[in-house]
Structures are given as structure tokens and as C-alpha cells.
Amino acid sequence: MDAKLTVGEPRVIISRNAILHNAALLRRLLQPSYPRIAENQPRLARKRLCAMIKADAYGHGFGVVVDALQNFAVDEIEAPVVDMLAVASISEAERLPHTELPVLIFRPVENCYLGRQRQQLEMAIRNRWVLTICSAAAAEDVARIAVSCSRRALIQVFIDTGMTRSGVGCDQVDHLLQVIENHASLKLVGLCTHLALSEAAEHQTTHQQLQQFHAATDGPAKHFGARVLRHVANSGGMFFHRDSHFDMVRPGIALYGIDPTGKPSVDRPLQPALRWTAPLIDVREVKAGAGVGYGLSWRAERDTRIGLIPVGYADGYLRCFGNAAMMLVHGISVPVVGNVSMDLTTIDLAGVPHAVVGDEVTLLASDPLSPASVYALAKIANTIPYEILCRIGARIHRVSAEAESESTGVATAEEIDSDDTDDHDDLDIT
Ligand SMILES: *Cc1c(COP(=O)(O)O)cnc(C)c1O
């Protein structure tokens, strides 16, 4: 959406330059194998970067984020600045803007041989999206569906190395891979796991998880060779566990400029990409003693002016921010007073006598040290920045801080299916 069309509306403004800055910073962590060292460098040597853009790109909006990641260069890094995109589900993949980048879907396929799920899986297979498999039963189901579409399904195997959330157990990996190899309609492209404590540097648990992952995948990695990528690291893994980088990394939160530790860090100069603003739609004079909002939970101690913002908890501006969070008006921080309502929030404008209706108010600032930063809001809500970001509601327009992309059409990565010539993807099964 063009930023100009949304002036005077609540909106989330995304800095493409910040996203590109963060992507470049993350890329540099993968050196020396990036940028491409030499033309004849084996593909294997270059570590890939998969952008985690689930949950509408952590609340930032697919449109602006995918445009930034695939159509723009930054510093020495050519477009696209990432090699792949990853979402949570097939329905999320459906909502992605057109992309030439490979798309991974992380929700494990399960109980899939029924109704709507089957249609979704067929679509995923036709679109060459990579499906995540955690059991032999799921592999069998996907294989059958792939045969019925006369296509090979691209799949990755997700291994549970100790987080105990999803994934095939380490002791079942060999069996599952055997099942996969027995099906010509399945094409394995990845072996992966997820870290439970990646943001804790030097943690014993992470070492154990990595050991488990090696034990389960070193043999298969040798057997399958370069076309199967091993990947483990999220943002925390990238920063704190170099031995978790393997063939590809999967940062999410850091791409958006937020530190995985939940606190801003001088060691990791990330730039938060998101700013959330709304217009001041009313300013009213109130007398000392006036109660404000549902329950009259705040009372003016002196005569003041109350400002009204057309955003509420239905938009993900959480109710617990009432009488707790700060917003910025003309760069001055002002308190949210009274309870946050579903669609409206009130602020005390005592500190900004020159504020008038129509002024832009910042609900969430991109400056990591601002009292309205995502870190500050997460602290009030007793949660992590991730949750604050991805709860920003669908009513809020997502716009780019910089001019819209002139569709350059540069993005073409054929990472997954590159040049394994003896390996036809469209199976003629009959
Ligand atoms: C969300 C997610 C990531 C990214 O995690 P961040 O902490 O945001 O970097 C990586 N891998 C998987 C499987 C995920 O679900």
C-alpha cells in the first residue's frame, strides 16, 4: 500500500532500509562463505539464508517485507538478499505476494489425507513449496498425493533434538529417511531441527541438541550430498552458536531488527524496522478530578487535555498498556491513561500543550531505547517482543517508509532444484 494513501489512518510503517541493513548484518555472520568467493566455488560452500516470515512477517506485513528481501540489494549483497522464505502454514504461503524464492512451510504435515487438507497439500506440491515431515505416516500420505498430481513433493524432515515440541525423534530418523527414499514421488531437500535455548550463549542444552543433530544427520548428509541442506539456527543460534549454522540459517526476529535476547544490544547493531502510528482524532480539556475511560481507572490530578487515538486492544494495542505504556507526540513521551478500549485509547497531553487534532502519535517507536519501544511494551505485557509485533491487528495498514519498489524482477533463486540433472521433478508416473 502506498504510504500516502494512509496518512491520517493508524498504520505500521516499515523501513525497508532497516530490513536490508539487518539482512546484510546477518549475511556477514555467515562469512567467509558469503559473498560468493569465486565463480567456480561449489554451491555447497555458500551458506544460505532463509527468512522466517511467518505470521505476516512477524506482524510487519508480507508485502513490504517480501518486496525488500527479494527486490533490493544492500552494500555488497545483490538482490535477493535472502535465499528462501519460510512461513508457518500452507494458508500463509497462499497469501504471499508472488515470489521466485523457494518457500518452506514449517507446520508438520499430519492427518493430511482428508478433504480440504488434501487440496491444500496438492496446491503446495504444485507450487513446489517445501513441506515439513515428522513421521513415516505423513511421508506416505504426501507421497500418495504427489503421485496423484504427477509431481514430486519437496520435503524436509524436522527432527526433535530436545525441544520436545514437534519433530521426529532422533532414533526414528533413519527409518523415516528410508521410507522417504522408497518413494520416488518424494524429494528430500532439507534436514532440520530447532533450538530451545538459542538466545543463551554457551548453553549446555544447545551443545547437546547440536550433538544429537550431528548424530542423527551426519550419515544422511553424506549419503544425500549437497542437495539436502541441514539447518538449525534461528536468530539466537546465528549470534550465539556459530556451530549451529550448518548449510543454512533461519533468522526471524533479527531480520526485523529486534534482539533475540529481548533487550537492545550494543554488540548487535540491529535496526528495528517497524513503527506504529495513529492520528490524534480528538483533544478535550478536562478538569481535575475527571475520570477517564471504562471503569474510570484514571483520574486527572489537575486540569489537563486528553488525546484520543483510534486504536485499541482489537488492534493488538494490549489492554494491559492502559495506565502503563507511553506514546510519543512531537517526540515527547506521554502516558496512556485510563483503560485501553477495543477501538480507542486515551493519552494525557499535559506535556504537549501544542498537540492538535491530526497530529501523528507514535504507539510503537523504532528507536530501541524509546519508552515506546517494542522492548518497553513487551516488558509491560510481561511477554517477548515477538508477541507484541505479531499481535498488531489486521485493521492496521502496513506501508513502506521508503518509496514503493519499481518492480525490478531480479529475484530468481533456483536454490532447491538447481542442477541435479538426473532428478526429474515432474514425474510421469503412469
Ligand atoms: C520462528 C522460527 C525461526 C526464527 O526464530 P527467531 O527467533 O525469530 O529468529 C526459526 N526456525 C523455526 C522452525 C521457527 O519456527
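Values in this text are rule-based calculations from the coordinates and carry no lab data. Only a predicted model underlies this, so the values are computations on that prediction, with no experimental measurement involved. Please note: Cβ atoms are built from the backbone with ideal geometry, for glycine as well, and neighbour counts cover all protein chains shown.
Details
- If the chain linking Gln211 and His223 were pulled fully straight, counting 0.36 nm for each residue of separation and taking away their Cα-Cα distance, it would gain 2.4 nm.
- Whole-Hz ³J(HN,Hα) from phi, Karplus 6.51 cos²θ - 1.76 cosθ + 1.60, for the range 133-139, glycine and proline x: 10, 10, 8, 5, 4, 5, 4
- Distance between the range 308-329 and the range 204-224 - C-alpha centres, whole angstrom: 45
- Ranked by how many other beta carbons lie within 10 Å on average, peptides 82-92, 253-263 from highest: 253-263, 82-92
- Under-5 Å amide H pairs with Val130, H placed in peptide plane, nonlocal only: Val103, Leu104, Ile105
- For the range 157-298, average projected area of the Cα convex hull in nm²: 15.1
- Taking trypsin sites (Lys or Arg not before Pro) as exposed when DSSP calls them loop and at most 13 other C-beta atoms lie within 10 angstrom, the chain has its longest site-free stretch at 303-430.
- Per-residue ellipticity at 222 nm, computed for the chain from helices alone with -39500 (n - 2.57) per DSSP H run of at least four residues, works out to -7500 deg cm²/dmol.
- Rounded if a/c under 1.5, otherwise prolate or oblate - the chain, Cα gyration tensor axes: prolate
- Cα-only Debye scattering, the range 312-385: base-10 log of I(q)/I(0) at q = 0.13, 0.20, 0.22, 0.26 Å⁻¹: -0.34, -0.82, -0.99, -1.31
- FRET efficiency for Glu181 and Gln117, using Cβ-Cβ distance with R0 set to 30 Å, rounded to 0.05: 0.75
- Ordering Met342, Met238, Met163 by the number of other Cβ atoms within 10 Å of each residue's own Cβ, fewest first, gives Met342, Met163, Met238.
- Spacing of the two label points (7 Å from each Cα toward its C-beta) at Val356 and Arg319, in nm: 3.7
- If you take the Cα centroid of the range 70-111 and the Cα centroid of the range 241-291, the two points sit 22 Å apart.
- Positive-end residue of Val232, Ser366, Ile19, charge dipole of the chain with Cβ unit charges: Ser366
- Note that the range 288-302 has calculated 3J(HN,Hα) couplings of 3, x, 5, x, 10, x, 3, x, 6, 6, 10, 10, 5, 7, 9 Hz, one per residue in order, obtained from phi through the Karplus relation 6.51 cos²θ - 1.76 cosθ + 1.60 (θ = phi - 60°); glycine and proline are x.
- The range 351-397: radius of gyration and largest Cα-Cα distance (Dmax), Å: 12.8, 34
- Lysine pairs within the chain, Cα separation less than 21 Å, 8 or more sequence positions apart or different chains: 4
- Net charge, Glu92 excluded, C-beta distance under 13 Å - Lys, Arg +1, Asp, Glu -1: +1
- Ranking of Phe158, Phe213 by neighbouring Cβ atoms within 10 Å, starting from the fewest: Phe158, Phe213.
- When Tyr317, Tyr58 are arranged by Cβ crowding within 10 Å, least crowded first, meaning fewest neighbours, the order is Tyr58, Tyr317.
- Pairs of Cα atoms nearer than 8 Å and 6+ residues apart set the relative contact order; for the range 109-169 it is 34 percent.
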